[in-house]
1. What's the number of the condition A:ILE178 fails, among (1) touching a Gly at 6+ places or on another chain (Cβ under 8 Å); (2) at pLDDT 95 or above; (3) within 22 Å of A:GLU249 (Cβ to Cβ)?
2. Does the stretch A:177-196 include one or more residues that are crowded, with 24+ Cβ neighbours inside 10 Å, more than 14 Å from A:GLY57 (Cβ to Cβ) and aromatic (Phe, Trp, Tyr)?
3. Among the residues of the stretch A:147-169 satisfying the criterion of being touching a residue at least 60 places away in the same chain (Cβ under 8 Å) and away from chain B (no Cβ under 14 Å), which is nearest to A:ILE324 (Cα to Cα)?
4. Output the residues belonging to the stretch B:4-32 that are within 11 Å of chain A (Cβ to nearest Cβ) and at positive phi.
5. Write out, first by first residue and then by second, each pair whose Cβ atoms fall under 9 Å of each other, whose residues are 6+ apart or on separate chains, and whose first residue, in the stretch A:281-297, is aromatic (Phe, Trp, Tyr) while the second is at pLDDT below 95.
6. Can you tell me which of B:ASP31, B:ASP108 is closer than 18 Å to B:SER156 by Cα and surrounded by fewer than 21 Cβ atoms within 10 Å (Cβ to Cβ)?
7. Tally the residues that are assigned to a helix (DSSP H, G or I) and either more than 20 Å from A:ASP211 (Cα to Cα) or under 18 Å from the mean Cα position of the chain (by Cα) (or both), restricting the search to the stretch A:56-80.
8. For the stretch A:337-375, which positions are within 21 Å of the chain's Cα centre (by Cα) and of a type in the set (D, E, K, R)?
Amino acid sequence: MLKTTASKSTKAKTPKTPTPAGPKPSAQRTKSKLNELQRDLERKTIIMQGNEAVAYGALDAGVNFFAGYPITPSTEVAEILSAELPKRGGTFIQMEDEIASICAIIGASLTGAKSLTATSGPGFSLMQEGIGFAKITETPCVVVDVQRMGPSTGMPTSPAQGDIMQAKWGSHGDSPAIVLYPDSVKESYELTIRAVNLAEKYRTCVILLLDEVLGHMRESVRLPDMATVRVINRIKPTVPPHWYKHYDENQKYLSPLASFGDGYRFHVSGLTHDVHGFPTSKSGEAAEMMERLRKKISYNIRDLVQIESYEMDDAKIAIFAAGITARAAKEAIVMARYEGIKVGLLRPLTIWPFPDDAVRKMLRAVDTVIVPELNQGQLIHEIRRLTKDKSDSDVLTIQRVNGQLITPNDILHKIKEVI
Amino acid sequence: MTQRYEIRLSGSGGQGLILAGIILARAAVLDDHKVTQTQSYGPESRGGYSRADVIISDREIYFPEATNFNCLLALTQEACDKYLFDLRDTGTLIIDTTYVKNLALAADNTYELPFTEIAQNDLGSAITTNVLSLAFLVKVTDIVSDKSLEASIARSVKPAFIDLNLKAMRLGFKLAESYRN
């Protein structure tokens, strides 16, 4: 029984039979042959999910050890790696919980593996102590946190950006953090590789924050050619074993790292330690250790910070947003610019260390800053700190914590309020 | 197509709407369009609400969720009631009359078919409702090519179910043909 309530407007018809892929004119054939060759060299455009991009990014960065406790909305990372790692000689372990997971990836890293785990808010909270242990023992590893609504178990399938501050301050004892924050599937792939690279280079636990929507979202994406993917491996000691210091340093505060089994003797402890890793309570040695942890981040800030500026050249209003919220902002900017409103976007790809200098410089030129975020106000404090020259009424915020995204219209509304 | 085209596939968990979204998104990639596919669903694996958004465009897609749909497929009354008012005036509405009994507002292009009933009677299984209705949607909106949809189905479903789903696709096309002048 077929019926329709309204008449249908005329629409372009598709051919009944698809055009057969017959021979083409010769000029076109050469071109398509070229395209074909090019396609063979590059990777094809495919449809890929954010979590999938993280998993394949990890593999392409050389990750060969994953231990985790699968949790929505990060499950696909574990699912894919459980299938792919064994095929490539790597190891996948499903652990009993997140505390065990973080400990396992730290242990694996000390044997020379590139290790990674993926979790979400509730698991991320449990991992905090281990993250601190990775930082004080300067053990490279990567934690992927696909953020969901909280607190506690919250709403497993709804987005929120509530872990921005936790990613920096979650672990006790005041240590600097490296946290990356992508806004697209392609960038999830790229920043996963970067996270693994930075972990290896700076000997620390690097955190990759994703939004639930991005983890689950599929997008057409052309991944960069493997030949152009840069992979960094940790520096190995070249000195004879009896000269080796586990926490030695060069001018850039980066030190070589031996693996268990290489013949180098070292001690790994969460207690404040000397350069060989043995516990110390001498204030001089304690200060030296803490300084090294701080300086290896602050002396390399230009290598760590990445920021995208979009339509900022003549902007009078700037939006500062990260992750999925930045995509709503871009759409809002397209709409606002169509109406002649001069507005632009600043988006941190590295959220910690915070891109202080770049943000301060770029926000000096605008009259108003809008900070939309899916929480009750986290990034806004950083922006207020950097815009002391502006009054509070010129630094505005849009906050949402109901499991829904901030839409382009919400942002456009705010833009129109200030002009 | 150069403009942003927003499609929302909505219903309840277990009807295969997210798979339908993936199939449509993959078909759009095969047609060389830019595409994003997002979803929202409750924590349960069956029942509860479920929706998949597909946005197809030839320019960069920034915001990945549908807010003002060009096309809405509603397989349950609840989904229809919830999303109908976000369909744009010129948009296409496709509803499954097996479950959608009341229509608060008739869009210009409204198609009413008992998809679940047809899937059950003609294909022997209600689980093909997603592909049946998706094929219908593709044919009436011309949003992706038939060939790409077929290739996408073959890549997206388990090998054992390819034939059944292609049968559902052809039936969906046939149902849509009857609306063509």
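The values are calculated or read from the model by the stated rules, or taken from the named source; none is laboratory data. Keep in mind that what you see is a predicted model, and the values were worked out from it rather than measured. Heads up, the Cβs are rebuilt from the backbone with ideal geometry, glycines too, and the neighbour counts pull from every protein chain shown.
1. (1)
2. yes
3. Narrowing the stretch A:147-169 to residues touching a residue at least 60 places away in the same chain (Cβ under 8 Å): A:147-149, A:155-162, A:164-165, A:167-168.
Keeping just the survivors that are away from chain B (no Cβ under 14 Å) gives A:147, A:161-162, A:164-165, A:167-168.
Values: A:GLN147: 11, A:GLN161: 9, A:GLY162: 13, A:ILE164: 13, A:MET165: 17, A:ALA167: 17, A:LYS168: 19 Å.
Ranking the candidates gives A:GLN161 first.
4. The one that is within 11 Å of chain A (Cβ to nearest Cβ) and at positive phi: B:ASP32.
5. Every condition considered, no pair remains.
6. On the way: B:ASP108 fails: closer than 18 Å to B:SER156 by Cα.
Of the residues listed, the single one that is closer than 18 Å to B:SER156 by Cα and surrounded by fewer than 21 Cβ atoms within 10 Å (Cβ to Cβ) is B:ASP31.
7. Number satisfying all stated conditions: 9.
8. Result: A:ARG347, A:ASP356, A:ASP357, A:GLU373.
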